[in-house]
1. Taking beta carbons within 10 Å but only from partner chains, what does the mean come to for residues A:83-94?
2. Got a sec? Which residues in segment B:84-109 would a label at B:HIS67 touch, if it sits 7 Å along Cα→Cβ and we count backbone N under 16 Å?
3. What does the C-alpha gyration tensor say about the overall shape of segment A:1-85? Classify as rounded when a/c is under 1.5, otherwise prolate if a/b is larger than b/c, or oblate.
4. Per residue of B:128-134, count partner chain C-beta atoms within 10 Å of its C-beta, then hand back the mean as an integer.
5. What nm distance separates the two modelled labels at A:ASP38 and A:MET23, each placed 7 Å from Cα along Cα→Cβ?
6. Distance from the Cα centre of segment B:52-69 to that of segment A:34-86, in angstrom?
7. Counting DSSP beta bridges with both partners in segment B:50-139, what percentage is antiparallel, nearest 5?
8. How many Cβ atoms of partner chains, on average, are near each residue of A:112-121 if near means within 10 Å of its Cβ?
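None of the figures in this text is laboratory data; all of them are computed from the coordinates on show. All values derive from a computational prediction rather than experimental measurement. So basically every Cβ, Gly included, is an ideal-geometry build from the backbone, and we count neighbours across all protein chains shown.
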Protein chains: 2
Amino acid sequence: MAGPKRAQESLQEIGYRLTPQRMMILAAIQESGHVSADEIYEKVREEYAFMDIATVYRTLALLKKLHLVTETDLGGAATRYELSAEPHHHLVCRDCGATTPLDNDLFEPLRLTLKERFGFAAELEHLPVFGVCSLCASQAKRSERRRSGARAGTAS
Amino acid sequence: MAGPKRAQESLQEIGYRLTPQRMMILAAIQESGHVSADEIYEKVREEYAFMDIATVYRTLALLKKLHLVTETDLGGAATRYELSAEPHHHLVCRDCGATTPLDNDLFEPLRLTLKERFGFAAELEHLPVFGVCSLCASQAKRSERRRSGARAGTAS
DNA sequence: CTTGGTGCAAAACTTTTGCACGGAG
DNA sequence: CTCCGTGCAAAAGTTTTGCACCAAG
């Protein structure tokens, strides 16, 4: 895990200011793992009521440009962000919404194949893999009820 | 490739009406491959000026539910749709935006690994793999100028 | 002084929803 | 007649942008 410390240093090294807002945003991302812009916004507002959603987006755009955070679009709802770290991926359960981190090694064979066969330089930094986790697969059999509370699991 | 013919038959078999609008939408998807809802809308409007964007979305939702089209979120911009076919994937070049179809076999080893190691039933129906195609990789060296309209990039 | 970063407000964009009408079954 | 599907309009949600101000360099 690359702590926000490193991200903060990187920011300053390249000549960007390390403002309180940016520190709070980085901290919020670190604490929560995968977060949407709005979740960051709400979280930071708990301690700093004047935080603006536009600042969140602008900061995220900056961090993204500097490769300090990665952006993952989980389809449909809002884009989620995470501190950059070693390339890794996530299993995303479409039922309970839980995300399981996934080592990058699993994707190396695929990446090599794409490079050899197509000359395609795949950027497999942070891929969401949708599906149904083992827990939900077994629960689905006994309880047909769910569909409701599958929003912000994010136990990364 | 499953032509729209089959999709149309499927619609009727299950008891849905095969309206002109739905036919035009299916035709538009087939002609263009990956298309956004808005592109479908514009395309159909060339021959039928009263087409409504809501109808496009409602039709897409229906076709999606019936697994007649697949939905692919390329991050950031609008979701894209495609006629269902054999499970397959796409290489998406973040520079030129070109998409190259990719056989599902390449992903089978990964799917099996996820199943064995995590008990996770991955739904690898239609995965976009971002990166840089061989063409753009070589062109990037001589011409540094990028095209500006492509929102396809920056997906981590 | 000059510039970067913020807060506020409004816009832009994609997608969804309410409502009434018309045609198909 | 009873619904399904449509067109129109408005709403909802996410992300971007214009503008003025403040503070840092």
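1. Mean number of neighbouring Cβ atoms from other chains: 1.
2. The answer is B:84-88.
3. Because a/c hits 1.5 or more and a/b fails to exceed b/c, segment A:1-85 counts as oblate.
4. Details: counts 2, 9, 7, 9, 5, 4, 5.
For this peptide, the per-residue mean of nearby foreign Cβ atoms is 6.
5. Each label point lies 7 Å from its Cα, and together they span 2.9 nm.
6. Going from one Cα centre to the other spans 31 Å.
7. Working: 9 of 13 bridges.
Given both bridge residues lie in segment B:50-139, the antiparallel proportion sits at roughly 70 percent.
8. What the average comes to for A:112-121 is 5.
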